[in-house]
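Right, one structure below, let's go through it.
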Amino acid sequence: MTAQLSTPPAISTSAAQDPTAALLTRLRNSLQEGQATLRSNYENTDNAPAMLRGRCTLVDGVMREIWRHFALPAPLALVAVGGYGRGELYPASDVDILLLLPDGMDGAHDASIERAVGALWDTGLDVGHSVRSIAECSAEAARDITVQTSLLEARLIAGSRKTFAAFSAAMHARLDPQAFFKAKRLEQEERYARHNDTPYSLEPNCKESPGGLRDLQIILWISRAADLGASWRKLAANGLITHAEALQLERSESFLRHVRIRLHYLAKRREEKLIFDHQEALARAFGIQRSAAKRASELLMQRYYRNAKHITQLNTILLQNIDERLFPVSRTAPIHISAHFQMDREMLDVRSEDVFERQPRAILESFLLLEQRSELKGMTARTLRALWRARSLIDAVFRRDPANRALFLALFQQQRGMVHEFRRMNQYDILGRYLPAFGKIVGQMQHDLFHVYTVDQHILQVMRNVRRYTMLEHTHEYPLCSRLISGFERHWLLYVAALFHDIAKGRGGDHSQLGIADAKRFCMEHGVSAEDTELVTFLVEHHLTLSSVAQKQDLADPEVIRRFAGVVKTERRLVALYLLTVADIRGTSPKVWNAWKGKLLEELYVATRRLLTGAEPRQALGVASRQEDARGILRLHGLRPGIEDAFWEQLDTPYFMRHDAEEIAWHTRVLYHRPNAAAPVVKARPNQIGEGLQAMIYVADQPELFARLCGAFTRLGYSIADAKIHTTRHGYALDSFILLDPAHELPYRDMAALLEHELTQQLTQRLPFAAPASGRLSRQVRHFPITPEIGIRPDESGHYHVMSVMAADRPGLLHAVAQVLARHNVELHTAKIATLGERVEDTFLISGKELTQTATLLRLEQDLLTALQV
């Protein structure tokens, strides 16, 4: 008779004489007053345990009064579960309860149970509840580890002690500590994967992220299930951790409790993420003041990351030690590996606990062994502890030792394990000790609206992405990158470049330039050849160049390709830069990369490679080959040879430069038989290279067409990823767009028909397009505002001007820009749209008389800046 009330019945409180209404009013007031008192006491004393226990006691009182008032049957038991059962109720946490029935009880009392639960909701409590018999609890716990964990912390609030005792006995009898351990460890691995295996997100979840409260709770759940202790001191007494580690865990847990309590009070709701909106206020609540170089929020987050590092370290040690207790095996003699190390239970183990003090070089040797020996699954707890104690031995003398330098360089050159070991080195402060420049960016925030990790974690993500190019299981993700790296000699140099590409962030100035000196010094000190040193420093200096050119410049312009080829100079440097750029963009945030960006980078890579291998600039763009490929596609669709000629005669060379063969064939199939169409032709289809829609508009040219189209796309919920604007030789506009749904909610195939219908109707009737509603700014932009910038300069040909726009992204932004250009009679030829997180960096190729006169150009720039203000 399991039951769940999705919408609790409301109980009227209008009649003053109704005893239930009077009780609910009193309890509601009591809760509000009690919670206000708890907050006041907490803010005066900073006593987190008292606040958490106090709210439990307050809610317990309400529960018991409701229980008595509704006189629920004697065999029933009201049980607190989850955090409430544990005795920890945060200010806005929901209250999880179980209405426990003895086995065999009929449903005669369902109505009274529903009324009691409805009354709990009417007091203002956010109640999560279930109604189960003991047998049903056992069955559900067997199916769902989350339910079993919640019931593990069950606590009787009211009702039958006998029923609760029978329930406790049944749960204990079913509990298998070994199976529970395995399930919770798998659950943690899955949770870590959801958070990209790092605590160092710029907006971490203090409950669920690695290094959060859940990492502590999982240890206590497992140790409780295995009767190893329900507190850190009990675990220390049982020999699972040291006394010092128990104290560290208590401090770490206390810090996270304060973070979560204060987050709930600041947000006035259940909020677990340290979002930018709350970080500064949270820092003030902790009494943290800004320093000369850093905001208070940055200092708070660095404290949070240090705390998360301690928790993940101790979580690893404890899980390993509990594993040994729960799964004892007959001890065999450890297998000798070297003078310093042995293998014990498939783990790397120090042969003596003072090995690092006696021979500091063994610190780097330990990581190299883990890369070289696949049978090793990690480090034993005593090895990890010894590493942490020995980190201070890495000093200037250690760094100058040629043998240590050779060991460190070898870490980049192994066939496996490189990413895991660099992450482990960072986790135990080894990497920052060996490379002091890296140590300075550990835990450093990035407020640029598109990175989602701290600088050190972004660097490690980029190294991971480069490494994935070499792995067979990831070739489907990066087919071109995997093909290129397979033929790239000494590809480990890319790992070195990735390690140094952002290492100079936060120093002031251009980090790409500042990082060159660090990379060059490292290569020289570690014996890297002059040729390879030059490649690494080139990559550090230009790691943003390929992305900037691909996303901001006209790739149909042969001069753009020629200039870029002049920067890279050789095919080897081009390949290396392409591989690093893709890894870098994909390592900033899951939201920054999309298939369209990938296509732009690939187009620039292919055109530049052609030029570097002997093609002329126009040949490098592949116009003739694109036309031939397009003709081949047309033949496959059954169109006879030559049928495209009349239509193609109306198109200029830039059209064929800016579109690939498939797009050219699509346009031709639609338009070859109506080059002088009297009615507008609008076609849309799912994007052929990734997400989104491709839209094509062919119509006799008309004023403000681009601005009107932008407004229509915005109203339909799309953002414009790319726009190619053409006017045929006989006066028709042939405009192409890549449209994306930022919310990922619109069904592209269904929306294609709606888009075609609406645009065709409005273009046919020459109706004015309604302006899109002004969209809301994201919270990141509100917290880190961007000052808009406009740049307009003539191109090298003198025929056009290049306009660059940098501003905070918002719905309708491109429409606003297009309207200003239309008012000033500026003609738009190409729009290159680049959205980096919450920041846009758009580039437009434009022409018009007003661009040639200083006074009118200044008015245009001022009007554009006004339109970009948020």
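The values are calculated or read from the model by the stated rules, or taken from the named source; none is laboratory data. Just so it is clear, the structure is predicted and the values come from calculations on it, not from any experiment. Please note: Cβ atoms are built from the backbone with ideal geometry, for glycine as well, and neighbour counts cover all protein chains shown. These accessible areas exclude ligands, DNA and RNA; they are computed on the full protein's heavy atoms, side chains included. Shrake-Rupley method; radii C 1.70, N 1.55, O 1.52, S 1.80 Å.
What is the residue count in region 198-227 for residues that are among the acidic types (Asp, Glu) and assigned to a helix (DSSP H, G or I)?
1
In region 814-833, which residues are modelled with pLDDT of 80 or more and open to solvent by 10 Å² or more (accessible area, probe 1.4 Å)?
Scanning region 814-833 gives LEU814, HIS815, ALA816, GLN819, ALA822, ARG823, HIS824, ASN825, VAL826, GLU827, LEU828.
Would you please name the residue that is modelled with the lowest pLDDT, looking only at residues in region 615-633 that are assigned to a loop (DSSP other than H, G, I, E, B) and closer than 12 Å to ARG562 by Cα?
LEU621
Given the condition free of Cβ contacts under 8 Å to residues at least 12 places away in the same chain and either surrounded by fewer than 21 Cβ atoms within 10 Å (Cβ to Cβ) or more than 19 Å from HIS310 (Cα to Cα) (or both), answer yes or no: does some residue in region 202-219 qualify?
Yes, region 202-219 contains at least one residue that is free of Cβ contacts under 8 Å to residues at least 12 places away in the same chain and either surrounded by fewer than 21 Cβ atoms within 10 Å (Cβ to Cβ) or more than 19 Å from HIS310 (Cα to Cα) (or both).
Of the residues PHE398, PHE356, PHE422, PHE367, only one is farther than 27 Å from GLY587 by Cβ, crowded, with 22+ Cβ neighbours inside 10 Å, at pLDDT 95 or above and among the aromatic types (Phe, Trp, Tyr); which?
Going through PHE398, PHE356, PHE422, PHE367 in turn, just one is farther than 27 Å from GLY587 by Cβ, crowded, with 22+ Cβ neighbours inside 10 Å, at pLDDT 95 or above and among the aromatic types (Phe, Trp, Tyr): PHE356.
In the list ALA236, ALA293, ALA230, which residue meets the criterion of being open to solvent by 20 Å² or more (accessible area, probe 1.4 Å), part of a helix (DSSP H, G or I) and of a type in the set (A, V, I, L, M, F, W, C)?
Going through ALA236, ALA293, ALA230 in turn, just one is open to solvent by 20 Å² or more (accessible area, probe 1.4 Å), part of a helix (DSSP H, G or I) and of a type in the set (A, V, I, L, M, F, W, C): ALA236.
Collect the residues in region 371-395 that are over 23 Å from TRP492 (Cα atoms), of a type in the set (Ser, Thr, Tyr) and loosely packed, with under 15 Cβ neighbours inside 10 Å, keeping them in residue-number order.
If the condition is that a residue be over 23 Å from TRP492 (Cα atoms), of a type in the set (Ser, Thr, Tyr) and loosely packed, with under 15 Cβ neighbours inside 10 Å, then SER392 is the only one that fits.
Can you tell which of ILE441, ILE459 is modelled with pLDDT of 95 or more, of a type in the set (Val, Ile, Thr) and open to solvent by less than 30 Å² (accessible area, probe 1.4 Å)?
That would be ILE459, the only listed residue that is modelled with pLDDT of 95 or more, of a type in the set (Val, Ile, Thr) and open to solvent by less than 30 Å² (accessible area, probe 1.4 Å).
Given (1) within 17 Å of PRO788 (Cα to Cα); (2) more than 38 Å from the chain's Cα centre (by Cα), where does VAL817 come up short, assuming only one miss?
All conditions pass for VAL817, except number (2).
Regarding GLU534, is this residue free of Cβ contacts under 8 Å to residues at least 24 places away in the same chain and either within 25 Å of the chain's Cα centre (by Cα) or in a helix (DSSP H, G or I) (or both)? Before you say what the answer is, go through the steps one by one.
Numbers: free of Cβ contacts under 8 Å to residues at least 24 places away in the same chain: yes; either within 25 Å of the chain's Cα centre (by Cα) or in a helix (DSSP H, G or I) (or both): yes.
Answer is yes for this residue.
From LEU763, LEU740, LEU777, grab the single residue that is under 28 Å from the mean Cα position of the chain (by Cα), modelled with pLDDT of 80 or more and either of a type outside the set (Gly, Ala, Ser) or open to solvent by 30 Å² or more (accessible area, probe 1.4 Å) (or both).
On the way: LEU763 fails: under 28 Å from the mean Cα position of the chain (by Cα); LEU777 fails: modelled with pLDDT of 80 or more.
Exactly one residue qualifies, and that residue is LEU740.
Which one is nearest to the chain's Cα centre (by Cα) among residues in region 506-521 that are more than 19 Å from SER547 (Cβ to Cβ) and part of a loop (DSSP other than H, G, I, E, B)?
It comes out as GLY506.
Being part of a helix (DSSP H, G or I), open to solvent by 10 Å² or more (accessible area, probe 1.4 Å) and either without any contact (Cβ under 8 Å) to a residue 12 or more places away in the chain or not acidic (Asp, Glu) (or both): is that true of ALA339 here?
On the way: part of a helix (DSSP H, G or I): no; open to solvent by 10 Å² or more (accessible area, probe 1.4 Å): yes; either without any contact (Cβ under 8 Å) to a residue 12 or more places away in the chain or not acidic (Asp, Glu) (or both): yes.
In short, no.
Tell me which residues, restricted to region 545-566, are open to solvent by 10 Å² or more (accessible area, probe 1.4 Å), modelled with pLDDT of 95 or more and under 23 Å from MET463 (Cα atoms).
Correct list: THR545 only.
List the pairs whose first member sits in region 73-86 and is among the aromatic types (Phe, Trp, Tyr), whose second member is assigned to a loop (DSSP other than H, G, I, E, B), and whose Cβ atoms are under 8 Å apart, counting only residues at least 6 apart or on separate chains?
If the second residue must be assigned to a loop (DSSP other than H, G, I, E, B), the pairs left are TYR84/SER93.
Take the residues of region 239-280 that are open to solvent by less than 30 Å² (accessible area, probe 1.4 Å) and part of a loop (DSSP other than H, G, I, E, B): which is farthest from TRP388 (Cα to Cα)?
The residue in question is GLU271.
To keep it simple, each residue is scored yes or no on (1) out of contact with any His (no Cβ under 9 Å at 6 or more places or on another chain); (2) under 23 Å from GLN553 (Cβ atoms); (3) in contact (Cβ under 8 Å) with a residue 60 or more places away in the chain.
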site: ALA607; (1), (2), (3): yes, yes, no
site: LEU612; (1), (2), (3): yes, yes, no
site: GLY622; (1), (2), (3): yes, yes, no
site: ARG626; (1), (2), (3): no, yes, no
site: ARG631; (1), (2), (3): yes, no, no
site: LEU639; (1), (2), (3): yes, no, no
site: GLU644; (1), (2), (3): yes, no, no
site: HIS659; (1), (2), (3): no, yes, yes
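Name the helices (runs of 4 or more DSSP H) wholly within region 133-182 that hold at least 3 residues that are open to solvent by 50 Å² or more (accessible area, probe 1.4 Å), at pLDDT below 95 and of a type in the set (Lys, Arg)?
Output list is empty.
Filter region 478-505 for residues that are open to solvent by 10 Å² or more (accessible area, probe 1.4 Å), in a helix (DSSP H, G or I) and among the aromatic types (Phe, Trp, Tyr) and give the result.
TRP492
Keeping to region 816-860, report how many residues are assigned to a helix (DSSP H, G or I) and among the hydrophobic types (A, V, I, L, M, F, W, C). Walk me through how you get there before you give the answer.
From region 816-860, those assigned to a helix (DSSP H, G or I) are 816-823, 849-852, 854-860; that's our starting set.
Narrowing further to those that are among the hydrophobic types (A, V, I, L, M, F, W, C): 816-818, 820-822, 851, 855, 857-858, 860.
So the answer is 11.
Any residue in region 447-455 that is polar (S, T, N, Q), outside any loop (DSSP other than H, G, I, E, B) and either farther than 25 Å from LEU393 by Cβ or open to solvent by 50 Å² or more (accessible area, probe 1.4 Å) (or both)?
no
Go through region 567-583 and give me each residue that's on the phi < 0 side of the Ramachandran plot and open to solvent by 40 Å² or more (accessible area, probe 1.4 Å).
VAL567, THR570, GLU571, ARG572
Which residue is surrounded by the most Cβ atoms within 10 Å (Cβ to Cβ), if the candidates are limited to region 634-662 and must be part of a helix (DSSP H, G or I) and more than 39 Å from the chain's Cα centre (by Cα)?
The qualifying residue surrounded by the most Cβ atoms within 10 Å (Cβ to Cβ) is LEU634.
Could you list all residues from region 378-399 that are over 33 Å from the mean Cα position of the chain (by Cα), in a helix (DSSP H, G or I) and over 12 Å from ALA362 (Cβ atoms)?
If the condition is that a residue be over 33 Å from the mean Cα position of the chain (by Cα), in a helix (DSSP H, G or I) and over 12 Å from ALA362 (Cβ atoms), then ARG382, ALA396, VAL397, ARG399 are the ones that fit.
Considering only region 119-132, state which residues are surrounded by fewer than 17 Cβ atoms within 10 Å (Cβ to Cβ) and outside any strand (DSSP E or B).
Across region 119-132, the qualifying residues are GLY124, ASP126.
Out of region 535-581, which residues are among the aliphatic types (A, V, I, L, M) and under 21 Å from ARG467 (Cα atoms)?
Passing the criteria: LEU535, VAL536, LEU539, VAL540, LEU544, LEU546, LEU574, VAL575, ALA576, LEU577, LEU579, LEU580.
Take the conditions at pLDDT 95 or above, of a type in the set (Gly, Ala, Ser), under 40 Å from the mean Cα position of the chain (by Cα) and open to solvent by 10 Å² or more (accessible area, probe 1.4 Å) and apply them to ALA50. Does it pass? Lay out the reasoning, then the answer.
On the way: at pLDDT 95 or above: yes; of a type in the set (Gly, Ala, Ser): yes; under 40 Å from the mean Cα position of the chain (by Cα): yes; open to solvent by 10 Å² or more (accessible area, probe 1.4 Å): yes.
Yes; evaluated as a whole, the condition is true for this residue.
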